[in-house]
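S.K.: Take this structure, written in structure tokens, and hold onto it; I'll ask about it next.
The values are calculated or read from the model by the stated rules, or taken from the named source; none is laboratory data. Just so it is clear, the structure is predicted and the values come from calculations on it, not from any experiment. Glycine also receives a Cβ, built like all others from the backbone with ideal geometry; neighbour counts cover every protein chain displayed. All accessible areas refer to the heavy atoms of the entire protein, side chains included, with ligands and DNA or RNA removed. Shrake-Rupley method; radii C 1.70, N 1.55, O 1.52, S 1.80 Å.
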Amino acid sequence: CDGQESGGSDDTSNDDGNVWEDQGHDGGSNPCNEDRTDYCCDFACTYCGPEDYCYNQSPWKSHMGICDPDHVGGVCENYYQLVDQPGPTQSPTSPPSEPPTP
């Protein structure tokens, strides 16, 4: 481990409005998805998450490969996943206005 730690908030967001949340994993086990969609963002696999997180939000802005769900042991002290955002709220639509009568 290179000693780099996340600072401040455990949530990060990017330009497209995605919000990534640290899942509070302590690194004592392996949280990586069975479908192999999680990546190790650094060589020591201390930061993990989907490829988009590693490239756009992690301190390294890259990844070192797929986080192997079959690995036995602790990884991903900082495990980030996309937060489900509620859809945009829609204001009630008003009925169409009547065209003026001649």
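S.K.: Can you pull the percent of the stretch 25-68's accessible area that's carbon plus sulfur, 1.4 Å probe, other chains left in place?
M.R.: C and S atoms contribute 49 percent here.
S.K.: While we're looking at this one, here's another question. Can you order the peptides 73-82, 25-34, 39-48 by their average number of other Cβ atoms within 10 Å per residue, highest first?
M.R.: Packing order, densest peptide first, comes out as 39-48, 73-82, 25-34.
S.K.: Once the other residues with Cβ under 11 Å from the Cβ of P69 are scored (Lys, Arg +1; Asp, Glu -1), what is the net sum?
M.R.: Counting the neighbours of P69, the net charge comes to -4.
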